[in-house]
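Student: The following block contains the structure, expressed as structure tokens.
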Amino acid sequence: MERNLKNVLVISFGFLFLFTAYGGLQSLQSSLNSEEGLGVASLSVLYAALILSSMFLPPILIKKLGCKWTIALSMCCYIAFSLGNFYASWYTLIPTSVILGLGGAPLWSAKCTYLTIAGTSYAEKAGKNAKDIINQYFGVFFLIFQSSGIWGNLISSLILSQSSTKVEISEEDLECCGAYNCLTDSSNTTELAKPSNSLIYTLLGVYTASGVLAVLLIIIFLDQIKSDQAETEKEKIETPSFWSTFLATFQHLKDKRQCLLIPLTMYSGFEQGFLSGDYTKAYVTCALGIQYVGYVMICFAAVNSLCSLLFGKMSQFTGRKLLFALATVTNTACIIALLLWKPHPKQLAVFFVFPALWGLSDAVWQTQTNGLYGILFEKHKEAAFANYRLWESLGFVIAFGYSTKLQVYIKLYILLSVLVLSMVTYGAVECIEAKSSPGTPTATKKENGGALTQETHM
């Protein structure tokens, strides 16, 4: 096997094992650690740490340790989060969430740098176009990586469904499910349906083992980048300096289009945070039980992956405006339906319809927004995508931060308001673009959308 391709596969399967654990654990946080909102608070802290991490850690760690050891060290930060869940409390989960957040940005930056260097190196030897090889490597990576959402949630549902205590949820308890959930009593059914400690420890043991396997794969099988290769890429990593990069991120806000895209970028964090933090708890866990959370999130992940691939190809024919309109209509319909729907175990199929439609919309928000940034700010991509990570992560922080303080219907109204504002400001961006450059192509660059999509998913 060609050596560079072997390294791409090692990284891909390493990330697959790591995010099989993290993805499944993130989906369960609001249900598994519901006491005093510990689970969603940990996710809020996690994304706040990610914002800080993305501003200064990646270039420093990659410069000092190299890509291989930056990836291995950052993966250990994710394992720490799994270990923190064994004895979940404010003293274990919050610190490990900070550790994971700090490790998130270096992990993704080192991965992108490694695949770029590997692709460039092979292209030079084979006399091929470097961009084509790099895109091919990223394609292989995401083909393998994106299935992690399915495997992680499948593991959680298979293990948690082994619970011997099947609790029948009363009609009275069902009244506390859905948009008008009872903040004071909403934990009752969750507590009753919570699986035994032995099952939880089994699940966390599998997730921790999966993370450890990821680290071992990287340490044993991933080749260190040769010094001459690293030197050719060093300028891209070291320059600009931390302070110039930091300042460039905020100087980019002088661009009116960037400011107008902030609501749309933050909405991406809001809508993902609602699905994994509120829908899983107030609808799925409350009415069906925690063992169904994994199956529901598998539905979301599968539709999301398929639609990301589909919309990436469709955009060159339809343009991004039509896809944004499709996502807006779909998301709006879901929000209104969730406001009206009273979840009941007899309506099992409906629990899967919402995440499927949500996955369709999220595929548009991720691929098209990333592509939009790549097209609008082609000359300042680094500062533009730094803003993307900053504002989306802030959306996550806010969504998880108020998760336990507000009833679900209020959060749905907030979601709807931000969505409407996002489309108004996005429309303004399109108007500005139409006036300044009428011939600007609307086709989305798939590689921009694909690579950055999962980066913001942590």
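The values are calculated or read from the model by the stated rules, or taken from the named source; none is laboratory data. Keep in mind that what you see is a predicted model, and the values were worked out from it rather than measured. Glycine gets a Cβ as well: all are built from the backbone with ideal geometry, and neighbour counts include every protein chain shown. Each accessible area value is taken on the protein alone, full model and side chains, heavy atoms only, with ligands, DNA and RNA left out. Shrake-Rupley method; radii C 1.70, N 1.55, O 1.52, S 1.80 Å.
Student: Just one of Thr92, Thr20, Thr96, Thr70 is touching a Gly at 6+ places or on another chain (Cβ under 6 Å) and farther than 30 Å from Gln407 by Cβ; which is it?
Tutor: Thr20
Student: With (1) open to solvent by 40 Å² or more (accessible area, probe 1.4 Å); (2) part of a helix (DSSP H, G or I) as the list, and Ala386 as the residue in question, which single condition is left unmet?
Tutor: In the conditions (1) open to solvent by 40 Å² or more (accessible area, probe 1.4 Å); (2) part of a helix (DSSP H, G or I), Ala386 misses (1) alone.
Residue-by-condition table, conditions (1) more than 30 Å from Ser161 (Cβ to Cβ); (2) in the same structural domain as Tyr114 (by the TED database); (3) not in a helix (DSSP H, G or I); (4) not aliphatic (A, V, I, L, M):
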position: Asn4; (1), (2), (3), (4): yes, yes, no, yes
position: Ile11; (1), (2), (3), (4): yes, yes, no, no
position: Phe15; (1), (2), (3), (4): no, yes, no, yes
position: Glu36; (1), (2), (3), (4): no, yes, no, yes
position: Ala41; (1), (2), (3), (4): no, yes, no, no
position: Pro59; (1), (2), (3), (4): yes, yes, no, yes
position: Cys67; (1), (2), (3), (4): yes, yes, no, yes
position: Ile79; (1), (2), (3), (4): no, yes, no, no
position: Ser82; (1), (2), (3), (4): no, yes, no, yes
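Student: Right, here's the next one. All but one of (1) open to solvent by less than 30 Å² (accessible area, probe 1.4 Å); (2) in a helix (DSSP H, G or I); (3) touching a Gly at 6+ places or on another chain (Cβ under 9 Å) hold for Lys381; state the number of the condition that does not hold.
Tutor: Against the list (1) open to solvent by less than 30 Å² (accessible area, probe 1.4 Å); (2) in a helix (DSSP H, G or I); (3) touching a Gly at 6+ places or on another chain (Cβ under 9 Å), Lys381 comes up short only on (1).
Student: Return a yes/no flag: does segment 360-367 have any residue that is over 20 Å from Asp278 (Cβ atoms), under 19 Å from the mean Cα position of the chain (by Cα) and open to solvent by 50 Å² or more (accessible area, probe 1.4 Å).
Tutor: No, the conditions are met nowhere in segment 360-367.
Student: Having 2 or more residues that are open to solvent by less than 40 Å² (accessible area, probe 1.4 Å), modelled with pLDDT of 85 or more and aliphatic (A, V, I, L, M) is the bar; report the helices (runs of 4 or more DSSP H) wholly within segment 203-300 that clear it.
Tutor: Values: elements: 227-238, 242-251, 256-274.
Of the helices (runs of 4 or more DSSP H) lying wholly inside segment 203-300, those with at least 2 residues that are open to solvent by less than 40 Å² (accessible area, probe 1.4 Å), modelled with pLDDT of 85 or more and aliphatic (A, V, I, L, M) span 256-274.
Student: Can you tell me which residue in segment 47-64 is nearest to Thr113 (Cα to Cα), limited to those that are open to solvent by 70 Å² or more (accessible area, probe 1.4 Å) and modelled with pLDDT of 85 or more?
Tutor: Kept after step one, since they are open to solvent by 70 Å² or more (accessible area, probe 1.4 Å), are these residues of segment 47-64: 52, 56, 60, 63-64.
Applying the additional criterion that residues be modelled with pLDDT of 85 or more yields 52, 64.
Values: Leu52: 20, Lys64: 14 Å.
Checked segment 47-64; the qualifying residue nearest to Thr113 (Cα to Cα) is Lys64.
Student: Continuing with the same structure: Answer yes if at least one residue in segment 426-436 is over 25 Å from Gly319 (Cα atoms), open to solvent by 20 Å² or more (accessible area, probe 1.4 Å) and in a helix (DSSP H, G or I), and no otherwise.
Tutor: no
Student: Sticking with this structure for a sec: So which residues in segment 84-121 are part of a helix (DSSP H, G or I), open to solvent by 10 Å² or more (accessible area, probe 1.4 Å) and of a type in the set (S, T, N, Q), if there are any at all?
Tutor: The answer is Thr92, Thr96, Ser109, Thr113, Thr116, Thr120, Ser121.
Student: Next up: Say we look at segment 156-202 and pick out the residues that are within 19 Å of Cys286 (Cβ to Cβ), open to solvent by less than 60 Å² (accessible area, probe 1.4 Å) and among the aliphatic types (A, V, I, L, M); which of these is modelled with the lowest pLDDT?
Tutor: Ala193
Student: If you go through segment 100-128, how many residues are in contact (Cβ under 8 Å) with a residue 24 or more places away in the chain and farther than 18 Å from Val8 by Cα?
Tutor: Number satisfying all stated conditions: 6.
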